[in-house]
1. Please find, within segment 1-33, the residue that is modelled with the lowest pLDDT out of those that are among the polar types (S, T, N, Q) and farther than 23 Å from R48 by Cβ.
2. Could you check segment 45-73 and list, in sequence order, the residues that are part of a loop (DSSP other than H, G, I, E, B) and hydroxyl-bearing (S, T, Y)?
3. Looking at segment 17-34, I want the residues that are over 10 Å from M46 (Cβ atoms) and have a partner that is basic (K, R) and at pLDDT below 95 with Cβ atoms under 6 Å, at least 6 apart or on another chain. Which pairs are those?
4. Is there a residue being within 25 Å of L9 (Cβ to Cβ) and surrounded by 13 or more Cβ atoms within 10 Å (Cβ to Cβ) anywhere in segment 119-126?
5. Tell me, yes or no, whether segment 51-59 has at least one residue that is over 11 Å from the mean Cα position of the chain (by Cα), without any contact (Cβ under 8 Å) to a residue 12 or more places away in the chain and within 23 Å of R15 (Cβ to Cβ).
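The values are calculated or read from the model by the stated rules, or taken from the named source; none is laboratory data. What you see is a predicted model; the values in this text were computed from it and never measured. In this analysis, Cβ positions are derived from the backbone assuming ideal geometry, glycine residues included, and neighbour counts consider all displayed protein chains.
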Amino acid sequence: MNAEIEETLHQHHIRPTAVRDLIFQAIQYRSEAFSLSDVEEWLPEMDRSSIFRTLRLFTEQQILHEIDDGSGIGKYCVCRCENSQHLNHVHFACTQCGKTYCLEDHTIPLVVLPDGFHMQDVEYIIKGICPKCTKEQNAMSKHLRPFNLMM
């Protein structure tokens, strides 16, 4: 087992196991959100229920946070947040490729609620086209420019 991963798990009050170690190795450097199916693809030798239980545990112990990007697929992102509620950053969901990104350097704007309203949770999702898809779109449009036929 990786000593650094073991220490991270201990810091989050999680008992290290071989399964948890492998899953943490697979997710720790991901910059975009991922789903249970993604982890299954990365670790095909591991059964779905073990992956699911580990992702739930990592979420409960704040190694991961869940993102509801409106896709209907549960997604997770590695926590790199300053606070335990993950209220400090924006998520971006690409409408072309379906990937969701944590924009950790972009804070959620403060919303002052009317009297009597009390915030319990915040999901701030911006939908649009990610840089990779924009680049691909631009490259395609260069190749598909209409010909100007003069007769």
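1. Here is the first cut: in segment 1-33, the residues among the polar types (S, T, N, Q) are 2, 8, 11, 17, 25, 28, 31.
Checking which are farther than 23 Å from R48 by Cβ leaves us with 2, 8, 11, 31.
Values: N2: 82, T8: 88, Q11: 90, S31: 79.
Filtering first and then ranking leaves S31.
2. Quick first cut of segment 45-73, residues part of a loop (DSSP other than H, G, I, E, B) only: 45-47, 61-63, 68-73.
Passing the criteria: only S71.
3. What qualifies is E32/K99; A33/K75.
4. The first filter runs over segment 119-126 and keeps only residues within 25 Å of L9 (Cβ to Cβ), leaving none.
Taking every residue of segment 119-126 in turn, none turns out to be within 25 Å of L9 (Cβ to Cβ) and surrounded by 13 or more Cβ atoms within 10 Å (Cβ to Cβ).
5. Kept after step one, since they are over 11 Å from the mean Cα position of the chain (by Cα), are these residues of segment 51-59: 51-59.
If we keep only those that are without any contact (Cβ under 8 Å) to a residue 12 or more places away in the chain as well, we get 53, 56.
Applying the additional criterion that residues be within 23 Å of R15 (Cβ to Cβ) yields 53, 56.
Looking for residues that are over 11 Å from the mean Cα position of the chain (by Cα), without any contact (Cβ under 8 Å) to a residue 12 or more places away in the chain and within 23 Å of R15 (Cβ to Cβ), one finds at least one in segment 51-59, hence yes.
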